[in-house]
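Q: Sharing a structure below in structure tokens format, with a few things to ask.
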Amino acid sequence: MSDPLRLGIAGLGTVGAGVVKIVRQKAALLSERTGREVTISAVSARHRDADRGVPLTDYAWEDDPVQLAVRDDVDVFVELMGGSDGPAKAATEAALKAGKDVVTANKAMLAHHGQALAQLAEDQGCVLRFEAAVAGGIPIIKALTEGLAGNDITRVMGVMNGTCNYILTRMENGGLTYDEAFAEADGLGYLEADPELDVGGIDAGHKLALLAAIAYGTQVAFDAVELEGIGRISIEDIRQAADMGYKIKLLGVSRMTGRGLEQRMAPCLVPATSPLGQLEGGTNMVVIEGDQVGQIVMRGAGAGEGPTASAVMGDVMDIARGTRLSTFGQPASSLRAATPSKSATPAPYYLRMSLVDKPGALAKIATVLGNAGISIDRMRQYGHTADAAPVLIVTHKATRSTLNEALEAMAQTGVLASDPVVLRIEQV
């Protein structure tokens with residue numbers, strides 16, 4: 001049997017403790033499946049004496065994760081601290097420069113610095129793997145880099161933030177307002193310390209940018225992801241979508257078009273009968289479409305100790321077996337900078353707005369859409385009040401740029417009582 005594969009684990013929160021448990025409890029299984037023993041040499045975390053539900057006395061302790069990363073008795077540096085910069089980035093760079101392989105769950109770091117880190121790993125002859133950074137326990141990185149490597153990927157989409165999916169599901173099933181569902185999720189500990197990372201689409205946008213880089217052979221371009229959160233979704237939107245046979249999801253979509261790379265993370269309507277439409281609670285789902293394989297749907301737990309630690313160990317096991325893959329599925333030097341394209345693919349749109357209660361208001365809105373070349377599929381007024389007339393419009397296919405021009409023209413009509421809510425209808 002080969003020499004043991006020795007891990008250094010930085011970050012002993014939920015996921016880090018989960019990794020330690022797997023290594024301790026499944027030692028024989030790991031050895032049988034890789035042909036070598038997997039051990040832990042040293043660990044690091046902010047607080048040494050915290051109770052993590054797993055014994056740590058067998059391992060050396062380093063207060064500084066950078067020192068952990070360069071220890072002679074560490075073969076693989078496992079970075080589970082989080083944060084796009086700071087100690088996580090410094091320790092990852094130190095490990096690679098010292099010739100160590102790296103396994104990380106840090107989507108923010110890779111979304112902002114993925115190209116540079118992938119190039120550093122390549123220059124040093126090291127492996128940098130990140131299965132746990134995207135969609136928790138779903139092995140989507142492995143699927144894209146290995147199982148689907150013979151496909152031209154035509155579209156990547158998915159629900160990649162369980163907290164947002166939980167909030168939207170609770171709004172629908174419980175008849176809750178957004179604020180009520182948000183408070184419930186917060187009380188259950190589902191939200192990040194900065195909730196905007198979740199409900200603003202940032203966390204999910206990081207994941208989409210990483211998947212797009214692998215799918216299309218491009219450099220990670222998180223800054224080009226169109227981001228829109230779920231904060232403006234109302235219970236009325238949820239109900240109106242249901243009446244039309246749709247569900248509202250925070251949906252990430254990327255595709256390579258003739259104009260460039262589209263990447264957007266925004267609330268969308270999807271058919272209620274589709275796999276994405278039937279997804280409830282905190283579960284994640286990623287849909288990949290390839291020219292040879294057609295559509296692949298992968299569903300599973302998007303977070304949590306067991307699922308995320310499982311993904312970390314999948315990468316560790318590959319390294320133990322001797323599998324050496326480029327970070328984004330091909331050499332970093334061959335990844336090209338993609339031209340960003342803002343929602344160029346036409347789609348139907350859902351518009352909800354309140355109009356001032358005066359004659360001809362609705363006609364003015366219809367005229368604006370007609371002048372922009374946008375035809376109306378469905379239109380209805382509902383819940384009329386003394387001051388405003390709520391209106392729902394579903395358009396036929398239009399580009400977002402054309403729709404934006406129409407929205408600007410609507411704002412000049414003087415009949416809008418509030419800013420319209422605009423949701424793309426995605427066919428899946």
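The values are calculated or read from the model by the stated rules, or taken from the named source; none is laboratory data. In this text, all values refer to a predicted model and were calculated from it rather than measured experimentally. Using ideal geometry, Cβ is built from the backbone for each residue, glycine included, and neighbour counts are taken over all protein chains shown. Heads up: the accessible areas ignore ligands, DNA and RNA and are worked out on the full protein's heavy atoms, side chains in. Shrake-Rupley method; radii C 1.70, N 1.55, O 1.52, S 1.80 Å.
Q: Under a 5 Å amide H to amide H cut-off, with H placed in plane at 1.01 Å, what residues pair with Thr154 once short-range neighbours are removed?
A: Amide H neighbours of Thr154: Glu289, Gly290, Asp291.
Q: Right, here's the next one. May I ask for the angle, rounded to the nearest 10°, between helix 107-123 and the longest principal axis of the chain, with both axes built from Cα atoms and the value confined to 0 to 90°?
A: Rounded to the nearest ten degrees, it is 50.
Q: Let me ask something else. Can you check what the Kirkwood hydrodynamic radius comes to for the chain, Cα pairs only, in Å to one decimal?
A: For the chain, the Kirkwood estimate is 23.0 Å.
Q: Using the alpha-carbon atoms, what tilt in degrees (0 to 90, nearest 10) does helix 86-97 show relative to the longest principal axis of the chain?
A: 50 degrees
Q: Taking only Cα atoms and a 10 Å spring cutoff, compute GNM fluctuations for the chain and point out the largest among Gly302, Gly294, Gly114.
A: Comparing Gly302, Gly294, Gly114 in the GNM, the peak value goes to Gly294.
Q: OK, next. Hey, if we sort His396, His47, His113 by accessible area with the 1.4 Å probe, largest down, what's the order?
A: I get His47, His396, His113, largest accessible area first.
Q: As a test of the formula, what do you get for the chain when each DSSP H run with n ≥ 4 contributes -39,500 (n - 2.57) and the sum is divided by the residue count, at 222 nm and rounded to the nearest 500 deg cm²/dmol?
A: After summing the helix terms and dividing by residue count, I get -10500 deg cm²/dmol.
Q: Then there is this: Determine how many Å³ per residue the convex hull of the Cα atoms of region 356-423 encloses.
A: Here the figure is 82 Å³ per residue.
Q: Also, I was wondering about something else. Run the accessible area of region 190-236 with a 1.4 Å probe and give the carbon-and-sulfur part as a rounded percent.
A: The nonpolar share, carbon plus sulfur, comes to 46 percent.
Q: Now for a separate question. Give, rounded to the nearest 20 debye, the magnitude of the charge dipole that the chain has about its Cα centre when Lys and Arg contribute +1 at Cβ and Asp and Glu contribute -1 at Cβ.
A: 1080 debye
Q: A follow-up question, please. Going from most exposed to least, what order do Arg259, Arg352, Arg46 have by accessible area with a 1.4 Å probe?
A: The ranking, largest first, comes out as Arg46, Arg259, Arg352.
Q: Another question about this same structure. Once the dipole of the chain is set up with Lys and Arg at +1 and Asp and Glu at -1 on Cβ about the Cα centre, which of Val23, Ala88, Asn371 lies farthest towards its positive end?
A: Most positive-ward Cα: Asn371.
Q: Then there's this: Please give the contour-minus-distance gain from Glu146 to Ala242: 0.36 nm per residue of separation, less the Cα-Cα distance, rounded to one decimal in nm.
A: Net length gain for the segment: 30.8 nm.
Q: Sticking with this one: Express in nm, to one decimal, how much length is gained between Thr339 and Glu196 on full extension, taking 0.36 nm for each residue of separation and deducting their alpha carbon distance.
A: Result for the pair: 48.8 nm of gain on full extension.
Q: Using amide H atoms built in the peptide plane, which far-off residues or other-chain residues are under 5 Å from Asp377 H to H?
A: Val394, Thr395, His396
Q: Let me ask you something else. Give me the number: length gained by fully extending Asn173 to Asp58, i.e. 0.36 nm times residue separation minus the C-alpha to C-alpha distance, one decimal in nm.
A: 36.6 nm
Q: Could you check how much of the accessible area of region 325-428 is carbon and sulfur, as a whole percent, using a 1.4 Å probe?
A: So the carbon and sulfur contribution to the accessible surface is 50 percent.
Q: Rank by packing, highest mean first: peptides 65-72, 200-207, 316-323, with packing defined as the count of other Cβ atoms within 10 Å averaged across residues.
A: So the order, starting with the most tightly packed, is 200-207, 65-72, 316-323.
Q: For region 329-373, list residues with backbone N below 18 Å from a point placed 7 Å from the Cα of Asp387 toward its Cβ?
A: Zone members listed by number: 353-359.
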